Amino acid sequence: MDSREFAKALERQVSGFCQTLDVNPPAYSYIPLTTDEMRIKVMQSRLFNEIRAGEIFGGWLKSTPELDVKKTLAEATHEEYLHAAFLEDALRSKGAVPHDYKPLPAQMAMFNAFEGLTDTVERIAAFPMAGEGVADYLIAKSLKAGTVPSWVTEPYQKIHQDEEEHGNYPFEILVKYATTAEKQERAARAVAMSLVLRRQYFDNLDRWVYENKTY
Ligand SMILES: [Fe+2]
Ligand SMILES: [Fe+2]
């Protein structure tokens, strides 16, 4: 398949997943939450994600031969720690201890799975395209909802702006490098894996936030 058509097909797969979240947005989106205690839990979980995202992008640098992708990953690594600082400040403003948090099982699995990917197109498809694509979809939704308090929306406005500024770099990387049937097949499976694990992470987070389920 032409690589641009392929990248478009993956984007459709990701937006299909996003639409399944519309009826009943997960706690992750902050939209259904009614107390700051709940919002703090979600923000602590999402702060862990920023830290882990930076570790993963940075960890991929040495094994990424494509110089343009290496540079993009290096910038993304730095950016994740800026995002972490925004969330740390917001949590402190509410008297919470930012990193007083234990990752949920599916959350650990999701990041460990990203970390284990070895090929540039599968990495970019699984994480910046599918993973961050879903995250940013829900950020946009929470900013528009009008019911999420400003101590939550303020840091996410800045995070959302960063995500917008990159343009659609995962798409362009796939157009450039997902040029063989073998690479496309691996990237498609990595996206499916990413979405399955994300669904499980959202479920784990819902149960922790709503039912205090610990593991
Ligand atoms: Fe990011
Ligand atoms: Fe981030």
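The values are calculated or read from the model by the stated rules, or taken from the named source; none is laboratory data. As the structure is a prediction and not an experimental result, all values here were calculated from the model. Cβ sites come from the backbone with ideal geometry, for glycine too, and all protein chains shown count toward neighbours. Accessible surface areas use protein heavy atoms only, side chains included; no ligands, DNA or RNA. Shrake-Rupley method; radii C 1.70, N 1.55, O 1.52, S 1.80 Å.
Summary of values
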| read-out | value |
| --- | --- |
| Between 0 and 90°, nearest 10: helix 105-116 axis offset from the chain longest Cα axis | 30 degrees |
| Alpha-carbon gyration tensor eigenvalues x 5, square-rooted, for region 148-215, Å | 31, 23, 5 |
| Projected label distance in nm at LYS94 and THR147, using a 7 Å step from Cα toward the beta-carbon | 1.7 nm |
| Segment GLU55-HIS78, extension gain: residue separation times 0.36 nm, minus the distance between their alpha carbons | 7.3 nm |
| Region 109-158 - convex hull of the alpha-carbon atoms, volume per residue in Å³ | 87 Å³ |
| The chain, helix-only ellipticity at 222 nm - DSSP H runs n ≥ 4, -39,500 (n - 2.57), divided by all residues, nearest 500 | -24500 deg cm²/dmol |
| Along principal axes, Cα extents of the chain, largest first, whole Å | 50, 33, 33 |
| Share of carbon and sulfur in the accessible heavy-atom surface of the chain [1.4 Å probe, %] | 54 percent |
| For region 1-45 and region 147-197, distance of Cα centres in Å | 11 Å |
| Inter-site label distance for SER15 and GLN200 at 7 Å from Cα along Cβ, in nm | 2.9 nm |
| Surface accessible to a 1.4 Å probe, per residue, for the residues of region 64-215, Å² | 47 Å² |
| Degrees separating the helix 181-211 axis from the principal Cα axis of the chain, which is the longest one | 10 degrees |
| Segment LYS176-ASP68, length gained on full extension (0.36 nm per residue, minus Cα span) | 37.8 nm |
| Spin-label pair HIS166/ALA109, simplified geometry with 7 Å Cα→Cβ offset, distance in nm | 2.5 nm |
| Neighbourhood net charge (14 Å Cβ-Cβ; Lys/Arg +1, Asp/Glu -1) for GLU211 | 0 |
| Gain on full stretching of the segment that runs from LYS213 to GLN157 - 0.36 nm per residue minus C-alpha separation | 17.2 nm |
| Charge sum, other residues only, whose C-beta stays under 15 Å from ARG52's C-beta, Lys/Arg counted +1 and Asp/Glu -1 | -3 |
| Taking all pairs of distinct alpha-carbon atoms in region 1-51, Kirkwood radius in angstrom | 13.2 Å |
| Angle between the chain longest axis and helix 3-20 axis [Cα atoms, degrees, rounded to 10] | 20 degrees |
